[in-house]
Amino acid sequence: MPQTIAVLDFGSQYTQVIARRVRECQIFSKIYHHATPAAELRADGVIGIILSGGPSSVFAKKAPMPDRAIFDLGVPILGICYGIQLMGHLLDGQVAKSDHREYGHGVLTIAKPGRLFAGLPKKLTVWNSHGDKVMKLPPGFVSIGATENSPFAAIEDRKRNFFGIQFHPEVFHTERGVDVLRNFLVGVCKARQDWTVRDFIEKAVADIRTQVGDERVILGLSGGVDSSIAAALIHRAIGQQLTCIFVDNGLLRRGERESVDALYQRNFKLDVRIVDASAVFLRRLKGVAEPERKRKIIGRTFVEVFEKSLKSVGPAGFLAQGTLYPDVIESVAIGANPAALIKTHHNVGGLPKRMKLKLLEPLRELFKDEVRRVGAELGLPREVVWRQPFPGPGLGVRVLGEITRDKLEILRGADAILQEEMMTSGWYWKVWQSFCVFLPVKSVGVVGDERNYAYVIALRVVESIDAMTADWTRLPYDLVRKISSRITNEVRGVSRVVLDVSSKPPATIEWE
Ligand code: XMP
């Protein structure tokens, strides 16, 4: 049985971040429902418990409460934010109700480093987000740190190995936060730091097998990082019980369909059904120039084609998706706070409920960089693991205005040259995205002695951390020159290449 750190989830948007930090310390953690019975935690081999934060007040009618017996398990407990208030409330201290929440930076002054703050400076900048506050310590506790607003910002019961902190050690804004967590995990819980990506894969494989049984799993393979790695992982678990459907919507880049075929069918021996639906997509897009209408048509047609192709696969029990944790937080209202709804993501719950399939999402708890490590460990090539993002509607939003086969072909030709040059120069791996955009304007050029009245291609190369903001990449001019001259020389129908030098905001990464 693995040594497990239990993270009890009281609804904080940071719960998964806590789990991630524990993984960063190479220790296995599992997120549990806040009311999980203590006996279940014991049976799982839990050696330490973290009580997450949460949006509730301990005084609220429906305040989420843990099983009180967790305090008698004899394992160390760390309460974070709402977690410390629970400790104050349930262990006979006193908690003051507050009508407003405090957010933001504070300075923690450490009174006693003890085991939790061992090796850390006396003062730390910490990130607070809390409503209620501990006013009187529960019996057995002492204060080990204070902030401007609270003498009990960090508390400890030495005998029982209980700790409470009012700030969030898991977030980036808290200085040395990971060290505080590591001190708890290693110094107090005595956890072994030997958990690796390989262990994640092994466990995920076992979980997938249990969950799926002998049913068939369907996965919509796009060739992107998330769906590719999900496919490889599920395939490792259940082999030929997995069927992938790759829809060619006629809006793919050059060679994309062929490379999916080569990699997954021939190399990985995955059951991939390539569905050529380009004719229906392009027919429905005919005459449509408005970007949002194009997106809607592409989205709807995809669902239709996907559903139809399911029929040829036969009865299936599960729909697999490469949903990652950031997709999940962006898609659900967190706790009781609807303002926390950031945006509805296209990946999550994307396919209609009427398909009556259960969801299989083995990457749901991971962050992108962790997923890439899983992909690399599964043996996927760098081209897949580090592939740049590609929008679902594909070249449909890169041919501005009405889409025709001719325009798509011109764009494919130009884009293939850009990708090739980016790869050869190594720049492909350094930027967030690099692509061409087809501009439906004609400009005059000369070829030999002849006037050439043809289209314009824009180069869009950007750097970004999360696509929320982006800046245009300062590619070396010699490289830009080479790309430009190759495109105008090799792609018929292009007379001019321009470089997009707009940042996001105010521009977006894509042009539509
Ligand atoms: P924008 O253009 O909004 O793009 O700055 C941000 C990121 O999202 C990608 N993108 C999309 N992805 N469906 C997708 O799956 C879409 O409709 C879509 N639009 C933009 C874009 O490539 C960039 O990485």
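Read-outs throughout are calculated quantities, based only on the coordinates presented, and are distinct from any laboratory measurement. Computed from a predicted model, the values in this text were never measured in an experiment. Note that we place each Cβ from the backbone using ideal geometry, even for glycine, and neighbour counts take in every protein chain shown.
Numbers below:
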{"read-out": "Residues Trp386 and Asp72, FRET efficiency given R0 of 56 Å [Cβ-Cβ distance, rounded to 0.05]", "value": "0.70"}
{"read-out": "Quotient of C-alpha Rg and 2.2 N^0.38 Å, computed over the chain", "value": "1.14"}
{"read-out": "Neighbourhood net charge (13 Å Cβ-Cβ; Lys/Arg +1, Asp/Glu -1) for Leu475", "value": "0"}
{"read-out": "Using alpha-carbon coordinates, inclination of helix 368-377 to the longest axis of the chain, degrees", "value": "80"}
{"read-out": "Lys/Arg +1, Asp/Glu -1 at C-beta; the chain dipole; positive extreme among Ala470, Leu263, Ala206", "value": "Ala206"}
{"read-out": "The chain: angle of helix 291-313 to the longest principal axis, Cα-based, in degrees nearest 10", "value": "80"}
{"read-out": "For Ser29, distant residues with modelled amide H under 5 Å away", "value": "Ile5"}
{"read-out": "Residue-count net charge about Arg158 - beta-carbon cut-off 13 Å; Lys, Arg +1, Asp, Glu -1", "value": "+2"}
{"read-out": "Spacing of the two label points (7 Å from each Cα toward its C-beta) at Glu409 and Lys430, in nm", "value": "3.6"}
{"read-out": "In the range 109-171, the GluC sites (Glu not before Pro) that fall in loop regions by DSSP, at most 12 other Cβ within 10 Å", "value": "Glu148"}
{"read-out": "Two-decimal Rg to Rh for the range 398-499 - Kirkwood Rh, Cα set", "value": "0.99"}
{"read-out": "Length gained when the stretch Gln211-Lys368 is fully extended (0.36 nm per residue, less Cα-Cα span)", "value": "54.2 nm"}
{"read-out": "Rounded Å value of the spacing that divides the Cα centres of the range 112-131 and the range 23-65", "value": "22"}
{"read-out": "Average Cα contact separation per residue, the chain, under 8 Å, 6 or more apart, as relative contact order %", "value": "10"}
{"read-out": "Alpha carbon centroid spacing (whole Å) that separates the range 461-491 from the range 166-200", "value": "40"}
{"read-out": "Tilt relative to the chain, helix 15-24 - C-alpha long axis, 0 to 90 degrees, to 10", "value": "90"}
{"read-out": "Förster radius 45 Å - calculated FRET efficiency between Phe172 and Arg266 (Cβ-Cβ, nearest 0.05)", "value": "0.60"}
{"read-out": "Length gained when the stretch Asp99-Val498 is fully extended (0.36 nm per residue, less Cα-Cα span)", "value": "138.1 nm"}
{"read-out": "Mean residue ellipticity (222 nm) of the chain, computed from DSSP H runs ≥ 4 via -39,500 (n - 2.57), nearest 500", "value": "-9000 deg cm²/dmol"}
{"read-out": "The range 386-482, relative contact order [Cα under 8 Å, separation at least 6], %", "value": "23"}
{"read-out": "Hz values of 3J(HN,Hα) by residue in the range 357-362 - Karplus curve (6.51, -1.76, 1.60), Gly and Pro given as x", "value": "10, 6, 8, 10, 10, x"}
{"read-out": "The range 127-167: trypsin sites (Lys or Arg not before Pro) in DSSP coil with no more than 16 other Cβ atoms inside 10 Å", "value": "Arg158, Lys159, Arg160"}
{"read-out": "Distance cut-off 19 Å, percentage of C-alpha pairs in the range 1-130 lying past it", "value": "54"}
{"read-out": "Efficiency of FRET from Cβ geometry, Lys136 and Glu420, R₀ 56 Å, rounded to 0.05", "value": "0.25"}
{"read-out": "Residue pairs, from the table Lys442/Lys504; Lys61/Lys159; Lys62/Lys159; Lys203/Lys368, whose Cα atoms sit over 29 Å apart", "value": "Lys61/Lys159; Lys62/Lys159"}
{"read-out": "Length-normalised contact order for the range 4-188 - Cα pairs under 8 Å, 6+ apart - percent", "value": "21"}
{"read-out": "Additional length obtainable on full extension of the chain from Val447 to Lys123, 0.36 nm per residue less Cα span", "value": "109.7 nm"}
{"read-out": "Sum of side-chain charges, Leu120 neighbourhood, beta-carbon under 15 Å (Lys, Arg +1; Asp, Glu -1)", "value": "+3"}
{"read-out": "Trypsin sites (Lys or Arg not before Pro) restricted to DSSP loop in the range 452-487 with at most 10 other C-beta within 10 Å", "value": "Arg474"}
